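Presented below is the structure to which this report refers.
Please treat every number below as a calculation from the coordinates, not as lab data. Because the structure is a prediction, the values reported are computed rather than measured. Cβ coordinates were reconstructed from backbone atoms using ideal geometry, including for glycine residues, and neighbour counts include every protein chain displayed.
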Amino acid sequence: MNVSTLRSTDLSLLLPNLLRESIHMSLRRRKALAPIAAVLLFSVAQIGVQVSFAQPAAGVPPVPTQQFIARLTTRNNVAINVNGNGAATGSSILTGATIETGPDQSATVNLGPLGVLDIAPNTKLVLTYDEQGNVKVMLLQGCAVLATKKKSEGEIATQQGSAGKTDRKKGGILDVCFPPGASGPVVNQGAAVASGAGAGVGAPAGAAAASAGGIFGIGVPATIAILAGAGAAGLTPIFFQTNPSGAI
């Protein structure tokens, strides 16, 4: 037997063995990779589930932030007119409400973190407020006292335009009267306090918010009255800002 014949015979014997070994190694590798593939598949599936839960359901609008509701207190719990309906102490006052008092009616609207609004008899106004700390009173007729706290800005306006605004950084008080037929509003001269603004369950809004500030701690309404009598209404904002209690 020559060398070439021997080599051919050896190769014919070795090839089946090599093929079997190759098949066995491939099977072993597949078995070893199977658990890894299963783990990867499970991980991808978990990520997909978490992402699907994180996303809002299709067609479902986001839940809006709950807005706080202002509360009404009336003098002697007598009902006043709110949006054409009777409303007494404890009623909710939504933003945009039209509020009207009769000759013997007055009220207070507690605006929670924004402040307090006192309403005098024979008054009609529209109250708007929002979560950003903005309060606006459109005074159609009558008198009102608006006291706002820090981080809130209040405004009383008439059909002639803005009668005044409070300082968002410090808070403040607006005392405005706009009688029927008047040429313009009376601002920060104590007219609204003198007309009986508020539900009468405590101090008017200005005094409650300022915690008896004003001149010598006698209270803002008294301060307004003194300044108005002395003809010094222009100095009123100075005393409003000197609130030792920091309540606003």
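With neighbour counts taken as other beta-carbon atoms within 10 Å, the residues VAL193, VAL176, VAL82 rank, fewest first, as VAL82, VAL176, VAL193. In percent, rounded to a whole number, the relative contact order of segment 61-136 is 29, using alpha-carbon pairs under 8 Å and six or more apart. Modelled label-to-label distance, ASN83 and ALA38, 7 Å Cα→beta-carbon offset: nm? Modelled inter-label distance: 6.3 nm. Among ARG75, ARG168, the ranking by other beta carbons within 10 Å of each residue's beta carbon, starting with the fewest, stands as ARG168, ARG75.
Computed from backbone phi, the HN-Hα couplings of segment 80-88 come to 10, 9, 10, 6, x, 10, x, 9, 10 Hz, rounded to whole numbers (Karplus: 6.51 cos²θ - 1.76 cosθ + 1.60, θ = phi - 60°; Gly and Pro given as x).
The distance between label points at ALA182 and ASP104 comes to 2.5 nm (points 7 Å beyond Cα on the Cα→Cβ vector).
Projected label points at LYS150 and SER162, each 7 Å from Cα along the beta carbon direction, are separated by 2.3 nanometres. Under a 5 Å amide H cut-off, with hydrogens placed 1.01 Å from N, ALA70 pairs with ILE93 among residues at least 5 apart or on other chains. With neighbour counts taken as other beta-carbon atoms within 10 Å, the residues THR148, THR89, THR128, THR101 rank, fewest first, as THR128, THR89, THR101, THR148.
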